[in-house]
Every structure is written in C-alpha cells, then in structure tokens.
Amino acid sequence: MRLVRSCLFVIFLAPFLQAQSFTVVSAASYQATLAPDSLASLFGANLAATSVSATLDSNGQLPTQLGGIDVEVDGQLSPLIYVSPLQINFLVPAGTTPGTANVVVRSIDTGSTRTSTMQVQATAPGAFTADASGKGAGSILNAVTYAPGPFLVETQANGGDDKRTRLSVYATGLRYAGNPSHDPTITNVADSVQAAGVDAAGKRYAFVVEYAGAAPGYFGLDQVNLVIPAELDGAGAVSLAITADGRSTNIVTFQVGSLPLDAVKLNGITLSKSAVVGGDTVIATITLNAPARQVGLPVSLRASSPSAQIPLSVTVPAGSASAQVTITTSSVTTAQNVTITAQTNGVTQTAALEIDPANTPQITTFQITPGSVQGGHAASGTITLNGSPAAGAGAIQIASDIGAAEPPASVTVPFGGNSVTFNIPTAAVTAPQLATLTATFGRSTKTAQLNIAPVLQLTLKDDTIVGGNSVNATVTLGEAAPAGGVTLNVQSDNRTIAQPPLTVSVPSGQTSTAFTITTIPVTVSRVVTITVTYAGSTQSVMLTVNPPGTASVSSLVISPDHVTGGSPATGTVTIGAPAPAGGTSVNLLSNAVIAAQVPLFVTIPQGQTSVKFTINTTHVASQQVVTVTASAGGVSRTATLTVQ
C-alpha cells in the first residue's frame, strides 16, 4: 500500500542529528512526541550495516530483530518495520509509560549500543502525507471506493440514500484518545477526536468524525473517517488538522472538485422546532447536496394543513448550500400533525410539524435519581407534566448524548396521569462520564444530567514533584463501600523511589479515601506508576519524580494575547533552573494548528532560563481562542491566544 511504503522512505533530518547520536520522532508528522502503539522513525548515522524491510512471521507478527539490530524502549523490545544506516522505523511498544522513555539501539553482532530518549504521551496524533514529508497532501482515500483525491462531496457508490463522501485520513498515535487505560473493548474513539479544515478563502469547516481508531490490518496505523460537508463542493485545496485529547496533528491537504451542474439537488428540510403552540413561528432550513450554481436554485414549498403558512417557494442563493424560511402557525383546538414539503428538480423532501392547542400539557420537571451511579448499574428517571395528556398522546421522547447512558427511546404517561418513572441502564466505563438526557413532549423540552462513575478512580494532587517530597493521592469507588468497608492493594513499580502504603481502606458507606506517597531524592527524572486494584478493576497513574533544580517549565507567556489573523505573536517559555550543558528542549503544541502554528520544540541554551518563539496565525472566519502548551521536565504550562 502506498501509505505504508511512504513510512519507509529514508529522510535524513540533519538538524536533529546535531544534538544527539540519534533522534526519535513520529513517522507521520516528525513531531518529537510519540504515543504507545504508534509508528516511530529513528534518525541517525551508521545505525545499521544494510537496509532491510520486515516481513511478518508465521504468527503474523513483526520481528524484534532486523538487519542485525534491535531497539529497546524502556527495556521493551520494539517491533521493527525497517532498518537502514540512516533510519529505523519501529512500533512504540503498547506498554510504554508516558514521560521520558529511554531508547537503546543494539547491534546483535557486536553487542554495541547507542542510547537516547524520546517523549511519550498517551495520545500524540500525527497525519501521514503522500510524500512522507509530514507536510502537504495527506494520505487520504475515499473510505468507500479507496480512490485518491480529488474528491467530490458525494460518492454514488455509497449504499443507501446517504451519498455524502466519507474520507479515510491515515494517521498514527490517536487510537487511545479518551482511553488512557487502553481498554481493548474501546475500538472507536470518534467522540474524543475532532477534525477541522479551512479552504483557500480562509473559511473554516468542522467535519463529522464517524470513526477514529486502529486501521485494520496494519501495525501502528490509525485512521479517521470523516464526512465532507456539502459547502466544500468545488473548494479546491482544503487544509485539515485532526485533534485528539487536545493535541493536533500536522496540517495536511486534500483536493475537492465540483459536482456536475445537474447533480446539485435538494438534500433535506429541517425545522427549528418539531412541535409548537398554534400562533408560534418555526424556521425551516432547506439544504442542498452542494452550493447552488449561477443564479441560485428555486425550491417549491407547501404545507399539508392551512394551520401552517409557508412561502410558496424559496431560492437557495448561488454559492450557498442552504436557505431558510419562516413558517407561521394558527391557533388550533386539537393537535395538528402537518407535513412540510420541499421539492425541486424532481426531488422531494419532507419534515413533520406538530401544532398544539394552547392548553396542551408540557414537561415541568425531569429528575434523575441518584445523580451518580457506577457504570453498569441503573438510575431512575421521573418526568412530570403540568396536566394529563389526551388519550394516545402521552409518548415522551428520551435521548442521551453518550452511549454509556441507555434510556428507553420513549416513555408513555398513563391516561389520566401526569408523570412517568422509568429505568436508565448504564454501561461500564473506565473514566468518569457525564450524560445529558433530553426529554421532549410536544413543544416542551427538559434536560437532566447523570454522572456515570467507573468502578475505581485514582488521582494525584500533583503528577510531578521534586524527589524527597510527598504527594497526596485519592482513590474513589463507583459506589459506597459495603458494610465493613473495603481494603485495596496499592502498588508502585519502583518502591525505591515512590512509596505508597501497601493497602488503603475505604470505610463502610464512604466512596473515597486519601493516602500519601513519599519519594526519595533523585539525580535524574524518573516516572513511577502507582496502581490500585478493586473488584477486578485496575487504575494506574504516573508520577514524575524530578531532581532538585530540574529545568522544568515554570511559565509560558504570549504577547500580544490578541491578534488579527495573519499577524504573528511571540511566546516566551521559562524554566525553573538554568539549562544544563546541551540546553533544554521544550516541546510546544497548539490545539488549533490551522489558526495558530508553533514550532514543534524550542531549545533553551545552556545557562539560560528562557527563550522566545514565533506563533504564526492565519485568517479566520470567526474568533478563535487557541491554547498553546509548553512541556519540559515532566511539567506543562499553557497560555491562550485569541485570533480575530
């Protein structure tokens, strides 16, 4: 596959080689931060005697020795994809702990070793490019036909009526977004991934992400499936960035062509409200599958009842993919179900509108008890109306904004009554989730929230401390401890450096307890994993223990903090101690790389405590607040830049 081959091209990055014997970066973006189970490229000189590409073994696995070379990351052998004198491509082991990881390249024949370090985060997204440069055209295919660009906003090969084009964007380092525990049952992390694009005119677009996770059949390769908005028809070059857990990929581009003139058609009609009281107004939005051409596209409109009055037609303006009209309604004595119809060029779309009498009951309260439950257990919901609905009209629609809360799609108020109580099952979760449930009856809507807790949570007051100090930890159960309380085992993967108590107890009826972790002085930064287990659930946190005077980030300042798009700003990053010999590298990250771009890293020279860097911005259609993060020595600091 072209994408995989592109990962293997030899690219000699001379600037990296000046600082260390070798440097490890993302194989997709060449950013300096990597994630477990992601594809990495190691650059140096005289790394191997020859160039060799891996073949899978009889079990379908990558080798850990190739061309007389192996690579260890924190003591774990890494699966190898390619080795050469200048470059090694490998898979970051899935169990690699976030923080600074030690990397060893070993010659099997001579036993000689070379060492360096790399920075690891739970999520470090990078997008592959067609020429393996980390810039320009992305490795992007039509998700249905697997054809490369240029793309159209519709794909006729799609099954069903939904012809919108889906793209597969190939990347690495994002499969564990929103899943820091690497729960293998979570295979689609689309809820934790966003995609944003900008066209040549500077207009921004948000893409619907339908899938984000591992690309089937390839080690370390991820893919993001997204939908091209109709408004991008004929846009030409589009710049795209994927964001996962607040971290963005490098910017890649793709091309969008124009549908034929006769292919532009009516796509749908939606109403601002599905139910109103007679006399109220409703906004109808008519959408096309692409922007209208030439003088616009006329659409005829009608309502099935005189209780709803709508213009006979509306013209979608040239260059726009939608238009709006106002529907006025009349007072009614009984509920009216009206069909609103839009039609053009032989295509018909409809929307349903309910017009209610003024005395139709409405939802007054929606309550969920208890307000927090352990995932896998059920809560109870109660909805109350301000009157009794008519016979056959007591159905209330229920919806949840996350899959972990699973209410019934609808509940019915008994005839003559004004309330209904129902169960809300929940699914087991690995991290706390907040569900917002929405109840709709006629023209009234109410929401209620439900906290869904994992069986076990473990948090630290601070995740980075200076050795010799202590840090407070809290363990929280998903539900109150039973009679007699519970005792939990606490483990440290390096008790020489960080010593939590061997056990902690949660008293009967309580949900949490606190304990203290003591540490010893260290001469180099160390990352220690603290783990607690309860009821078959395990939770781990990473504690970074630094030596005194570690050159960690103490502040990040951006000036000015408000700029007009296209104008630069200046960032100043400061560390808490003078940089040692060789300087201190500080990783930089923008959470909106299309609006504001920062260098991948900056180096604070030996003996200095700060350095300045330039933040370049682009023109934006609306104000954007960008968060910039600077990380070094296990500590991160953020600052915001408003791009207008």
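What number of residues within the stretch 192-216 are in a loop (DSSP other than H, G, I, E, B), at pLDDT 90 or above and over 19 Å from residue 124 (Cα atoms)?
1
For the condition farther than 20 Å from residue 594 by Cα and either touching a residue at least 40 places away in the same chain (Cβ under 8 Å) or small (Gly, Ala, Ser) (or both), what is the one hit in 173, 149?
Details: 173 fails: farther than 20 Å from residue 594 by Cα.
Of the residues listed, the single one that is farther than 20 Å from residue 594 by Cα and either touching a residue at least 40 places away in the same chain (Cβ under 8 Å) or small (Gly, Ala, Ser) (or both) is 149.
Just checking: which of the strands (runs of 3 or more DSSP E) contained wholly in the stretch 494-539 hold 3 or more residues that are of a type outside the set (Ser, Thr, Tyr) and under 23 Å from residue 183 (Cβ atoms)?
Correct list: 526-534.
Considering only residues of the stretch 163-191 that are among the charged types (D, E, K, R) and outside any strand (DSSP E or B), which is surrounded by the fewest Cβ atoms within 10 Å (Cβ to Cβ)? It would help to see each step written out before you state the result.
Initial filter on the stretch 163-191 (among the charged types (D, E, K, R)): 163-164, 166, 175, 183, 191.
Then drop every residue that is not outside any strand (DSSP E or B), which leaves 163, 175, 183, 191.
Numbers: 163: 17, 175: 29, 183: 13, 191: 15.
So the residue we want is 183.
Is it the case that the stretch 173-185 has a residue that's in contact with a strand residue (DSSP E or B) (Cβ under 8 Å, 6 or more places away or on another chain) and more than 26 Å from residue 624 (Cβ to Cβ)?
yes
Just to check your reading of the model, which residue among 590, 555, 631 is out of contact with any helix residue (DSSP H, G or I) (no Cβ under 7 Å at 6 or more places or on another chain), within 30 Å of residue 530 (Cβ to Cβ) and surrounded by 17 or more Cβ atoms within 10 Å (Cβ to Cβ)?
631
Inspect the stretch 69-92 for any residue being exposed (fewer than 15 other Cβ atoms within 10 Å of the Cβ), hydrophobic (A, V, I, L, M, F, W, C) and not in a strand (DSSP E or B) and give the result as yes or no.
No, the stretch 69-92 has no match at all.
Given the conditions (1) free of Cβ contacts under 8 Å to residues at least 40 places away in the same chain; (2) in contact with a Gly (Cβ under 9 Å, 6 or more places away or on another chain), report the number of the one that residue 311 does not fulfil.
(2)
Which residues, taken from the stretch 453-482, are farther than 17 Å from residue 434 by Cβ, more than 24 Å from the chain's Cα centre (by Cα) and part of a strand (DSSP E or B)?
464, 465, 466, 470, 471, 472, 473, 474, 475, 477
Within the bounds of the stretch 600-608, is there any residue that is touching a strand residue (DSSP E or B) at 6+ places or on another chain (Cβ under 6 Å), surrounded by fewer than 18 Cβ atoms within 10 Å (Cβ to Cβ) and among the small types (Gly, Ala, Ser)?
no
Just to be sure, is residue 538 of a type in the set (Val, Ile, Thr), closer than 30 Å to residue 487 by Cβ, at pLDDT 80 or above and surrounded by fewer than 17 Cβ atoms within 10 Å (Cβ to Cβ)?
Spelling it out, residue 538 is indeed of a type in the set (Val, Ile, Thr), closer than 30 Å to residue 487 by Cβ, at pLDDT 80 or above and surrounded by fewer than 17 Cβ atoms within 10 Å (Cβ to Cβ).
When you go through 220, 178, 279, 257 one by one, which is the residue that is on the phi > 0 side of the Ramachandran plot and modelled with pLDDT of 95 or more?
Step by step, each of 220, 178, 279, 257 is checked, and only 220 is on the phi > 0 side of the Ramachandran plot and modelled with pLDDT of 95 or more.
Residues being surrounded by 20 or more Cβ atoms within 10 Å (Cβ to Cβ) and either among the hydroxyl-bearing types (Ser, Thr, Tyr) or not in a loop (DSSP other than H, G, I, E, B) (or both): count how many of those fall in the stretch 288-300.
4
Filter the stretch 421-442 down to the residues that are in contact with a Ser or Thr (Cβ under 6 Å, 6 or more places away or on another chain) and either over 17 Å from residue 396 (Cβ atoms) or modelled with pLDDT under 90 (or both) and list them by number.
430, 435, 442
Would a scan of the stretch 148-169 turn up a residue that is at pLDDT 95 or above, among the small types (Gly, Ala, Ser) and outside the structural domain of residue 321 (by TED's automatic domain parsing)?
There is at least one residue in the stretch 148-169 that is at pLDDT 95 or above, among the small types (Gly, Ala, Ser) and outside the structural domain of residue 321 (by TED's automatic domain parsing).
One line per residue, one yes/no per condition, for (1) free of Cβ contacts under 8 Å to residues at least 12 places away in the same chain; (2) under 30 Å from residue 182 (Cβ atoms); (3) in the same structural domain as residue 534 (by TED's automatic domain parsing); (4) surrounded by fewer than 17 Cβ atoms within 10 Å (Cβ to Cβ):
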{"site": "369", "(1), (2), (3), (4)": "no, no, no, yes"}
{"site": "375", "(1), (2), (3), (4)": "no, yes, no, no"}
{"site": "384", "(1), (2), (3), (4)": "no, no, no, no"}
{"site": "413", "(1), (2), (3), (4)": "no, no, no, no"}
{"site": "423", "(1), (2), (3), (4)": "no, no, no, yes"}
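For the stretch 117-134, state whether one or more residues are closer than 17 Å to residue 39 by Cα, surrounded by fewer than 15 Cβ atoms within 10 Å (Cβ to Cβ) and charged (D, E, K, R).
Yes, that holds for at least one residue.
For the stretch 222-264, which residues satisfy the criterion of being β-branched (Val, Ile, Thr) and either closer than 19 Å to residue 596 by Cα or assigned to a loop (DSSP other than H, G, I, E, B) (or both)?
Listed by number, the residues that qualify are 228, 238, 242, 243, 249, 251, 252, 253, 264.
Inside the stretch 570-584, can you point out the residues that are in contact (Cβ under 8 Å) with a residue 60 or more places away in the chain and surrounded by 20 or more Cβ atoms within 10 Å (Cβ to Cβ)?
Scanning the stretch 570-584 gives 571, 573.
Which residues, taken from the stretch 201-256, are aromatic (Phe, Trp, Tyr) and in contact with a strand residue (DSSP E or B) (Cβ under 7 Å, 6 or more places away or on another chain)?
Across the stretch 201-256, the qualifying residues are 205, 207, 211, 219, 254.
Pick out the one residue from 428, 409, 399, 352 that is more than 30 Å from residue 179 (Cα to Cα), surrounded by fewer than 18 Cβ atoms within 10 Å (Cβ to Cβ), of a type in the set (A, V, I, L, M, F, W, C) and out of contact with any Asp or Glu (no Cβ under 9 Å at 6 or more places or on another chain).
Answer to the check: 352.
When residues of the stretch 42-67 are filtered for being surrounded by 15 or more Cβ atoms within 10 Å (Cβ to Cβ) and either within 19 Å of residue 116 (Cα to Cα) or aromatic (Phe, Trp, Tyr) (or both), how many remain?
Residues that pass the stated criteria total 6.
Just to be sure, is residue 20 modelled with pLDDT under 90 and either over 26 Å from the mean Cα position of the chain (by Cα) or part of a loop (DSSP other than H, G, I, E, B) (or both)?
Answer is yes for this residue.
Return the only residue of 448, 428 being outside any strand (DSSP E or B) and not assigned by TED's automatic domain parsing to the domain that holds residue 490. Break it down stepwise before answering.
Numbers: 448 fails: outside any strand (DSSP E or B).
Residue meeting the stated conditions: 428.
Taking the residues in the stretch 192-204 that are touching a residue at least 24 places away in the same chain (Cβ under 8 Å) and either in contact with a Lys or Arg (Cβ under 8 Å, 6 or more places away or on another chain) or surrounded by fewer than 18 Cβ atoms within 10 Å (Cβ to Cβ) (or both) as candidates, determine which candidate is farthest from residue 246 (Cα to Cα).
The qualifying residue farthest from residue 246 (Cα to Cα) is 200.
Name the pairs: first residue in the stretch 447-476 and surrounded by fewer than 14 Cβ atoms within 10 Å (Cβ to Cβ), second residue assigned to a loop (DSSP other than H, G, I, E, B), Cβ to Cβ under 6 Å, at least 6 apart or on different chains?
Close Cβ pairs satisfying both conditions: 468/521; 472/461.
The values are calculated or read from the model by the stated rules, or taken from the named source; none is laboratory data. All of these numbers come straight from a predicted model, not from anything done at the bench. FYI the Cβ positions are ideal-geometry reconstructions off the backbone, even for glycines, and counts take in every protein chain you see.
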